[in-house]
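Engineer: Questions regarding the structure given below will be posed in turn.
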Amino acid sequence: MPRSKPTITYKKKDEIAIISMNRPEYNNAQNGKMTYDLDKAFKRAIDDDEVKVIVLKGNGKHFSAGHDIGTPGRDVDVEYDRKSMWYDHTNKPGGEFWYVREQEVYLNMCRRWRDMPKPTIAMVHGACVAGGCMLAWVCDLIIASEDAFFADPVVRMGIPGVEYFAHPYELNPRIAKEFLFLGERMSSSRAYEMGMVNKVVPIENLESTVMEMAKKISAMPRLGLTLTKQAINHVEDLQGKRNGMEAAFAWHHFSHAHNDLTTGNVLSGFDAKKMAKSQRTKTKKTPIKKTAAKKTATKKNKK
């Protein structure tokens, strides 16, 4: 039986661990297997005393198209070795199935990764959509290429944003509302202006910029980096980040239940293709109206 391709790759360069999402044929859509493989890779980097900085990137054309809502590898019914104290979701009925699964694989896993004691850098290119934003947001720094864009279009499903609801902390509240209400793509340049991204560089300079930054960080004392990260994360939590996520997660699952009751589908009938199509906006060409002067000139020419 042939071995399945790994969902992530791991390599180490000096004191830097480079973890790459490796489902390029599906734009690095995050299924359950990738989630747990990412967790193992992060744990490996944390356990390695030589590693000072962790870089997260995506192989292929995009960083991540978000959660897997329709590839052949979608594995929502598979039980994995859970990392939180939540019970198995696979044999549970109705809304309990989704609520328990997403507590484990999305909300709590992202919190676990956000609290890793070593600095993390997201190296973002191409699409960073919905669940892809969650993966970038758990990192301490985000460096993006000029072609990168960010989006969370799930309001189209009637859902108030992704499970790791960090929007009002990554963006100011008014811009967060725009980001969600419209569901449109935010360019990396605007994300930089809003403070969500640390630096934007040409795609050909992305890796070298990230590695140079990681190298500078790795020169700092390990404990100093750890305590600094803890201090800033603690301030965010004092500002209500964790409690806000708890409320948003509950509303997220109310919307899943509402969708199921009204449409027979927790995602309101959307799959990956429909969501991608909804992101592509076509500009309508408006016919140019002739001014009175032009009309007069046209009549004269005809004469």
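The values are calculated or read from the model by the stated rules, or taken from the named source; none is laboratory data. These numbers were taken from a predicted model, which means no experiment stands behind them. Every residue, glycine among them, receives a Cβ derived from its backbone with ideal geometry; neighbour counts consider all protein chains shown.
Engineer: Checking K5 against (1) over 15 Å from the mean Cα position of the chain (by Cα); (2) closer than 20 Å to R82 by Cα, which single condition isn't satisfied?
Structural biologist: Checking K5 against (1) over 15 Å from the mean Cα position of the chain (by Cα); (2) closer than 20 Å to R82 by Cα, the one that fails is (2).
Engineer: Can you pull out every residue in the range 29-82 that is among the hydroxyl-bearing types (S, T, Y), at pLDDT 95 or above and in contact with a helix residue (DSSP H, G or I) (Cβ under 7 Å, 6 or more places away or on another chain)? Spell out how you get there, then give the answer.
Structural biologist: From the range 29-82, those among the hydroxyl-bearing types (S, T, Y) are 35-36, 64, 71, 80; that's our starting set.
Next, from what is left, pick out any that are at pLDDT 95 or above: 35-36, 64.
Result: T35, S64.
Engineer: Given D37, D68, which one is acidic (D, E), surrounded by 22 or more Cβ atoms within 10 Å (Cβ to Cβ) and either more than 17 Å from A130 (Cβ to Cβ) or under 20 Å from the mean Cα position of the chain (by Cα) (or both)?
Structural biologist: Numbers: D37 fails: surrounded by 22 or more Cβ atoms within 10 Å (Cβ to Cβ).
Selected residue: D68, the only one of D37, D68 that is acidic (D, E), surrounded by 22 or more Cβ atoms within 10 Å (Cβ to Cβ) and either more than 17 Å from A130 (Cβ to Cβ) or under 20 Å from the mean Cα position of the chain (by Cα) (or both).
Engineer: Any residue at all in the range 17-27 that is within 26 Å of L223 (Cα to Cα) and among the aromatic types (F, W, Y)?
Structural biologist: No - not one qualifying residue is present in the range 17-27.
Engineer: Let me ask something else. Please name all residue pairs, on different chains or six or more residues apart, with Cβ atoms under 8 Å, provided the first residue is in the range 238-261 and is in a helix (DSSP H, G or I) and the second residue is crowded, with 16+ Cβ neighbours inside 10 Å and polar (S, T, N, Q).
Structural biologist: As it stands, the answer is F249/Q103; N259/S268, since those pairs meet every condition given.
Engineer: Note down all Cβ pairs under 6 Å where the first residue falls in the range 216-233 and is at pLDDT 95 or above, the second is in a helix (DSSP H, G or I), and they're at least six residues apart or on different chains.
Structural biologist: As it stands, the answer is none, since no pair meets every condition given.
Engineer: Report yes if some residue within the range 278-290 is modelled with pLDDT of 80 or more and not in a helix (DSSP H, G or I); otherwise report no.
Structural biologist: So in the range 278-290, the residues modelled with pLDDT of 80 or more come out as none.
Taking every residue of the range 278-290 in turn, none turns out to be modelled with pLDDT of 80 or more and not in a helix (DSSP H, G or I).
Engineer: Could you name every one of the strands (runs of 3 or more DSSP E) located completely within the range 1-93 that has at least 2 residues being without any contact (Cβ under 8 Å) to a residue 40 or more places away in the chain, among the aliphatic types (A, V, I, L, M) and under 19 Å from T120 (Cα atoms)?
Structural biologist: Details: elements: 8-13, 16-21, 53-58.
In the range 1-93, 16-21 are the strands (runs of 3 or more DSSP E) which contain 2 or more residues that are without any contact (Cβ under 8 Å) to a residue 40 or more places away in the chain, among the aliphatic types (A, V, I, L, M) and under 19 Å from T120 (Cα atoms).
Engineer: Filtering the range 40-65 down to residues that are crowded, with 20+ Cβ neighbours inside 10 Å and among the small types (G, A, S), which residue is nearest to G183 (Cα to Cα)?
Structural biologist: Result: A65.
Engineer: Follow-up. Any idea which of G224, G195 is at positive phi and either exposed (fewer than 13 other Cβ atoms within 10 Å of the Cβ) or assigned to a helix (DSSP H, G or I) (or both)? Break it down stepwise before answering.
Structural biologist: Values: G224 fails: at positive phi.
None of the others qualify; the one that does is G195.
Engineer: State whether one or more residues within the range 201-212 are among the aliphatic types (A, V, I, L, M), outside any helix (DSSP H, G or I) and under 20 Å from F63 (Cα atoms).
Structural biologist: At the first step, the residues of the range 201-212 found to be among the aliphatic types (A, V, I, L, M) are 201, 203, 206, 210-211.
With the extra rule that they be outside any helix (DSSP H, G or I), the set shrinks to 201.
From the residues that got through so far, the ones that are under 20 Å from F63 (Cα atoms) too are 201.
Within the range 201-212 (the criterion being among the aliphatic types (A, V, I, L, M), outside any helix (DSSP H, G or I) and under 20 Å from F63 (Cα atoms)), the answer is yes, since at least one residue qualifies.
Engineer: Let me ask something additional. Only one residue in L180, L171 is without any contact (Cβ under 8 Å) to a residue 60 or more places away in the chain, under 30 Å from L261 (Cβ atoms) and surrounded by 18 or more Cβ atoms within 10 Å (Cβ to Cβ). Which one?
Structural biologist: Details: L171 fails: under 30 Å from L261 (Cβ atoms).
On inspection, the qualifying residue turns out to be L180.
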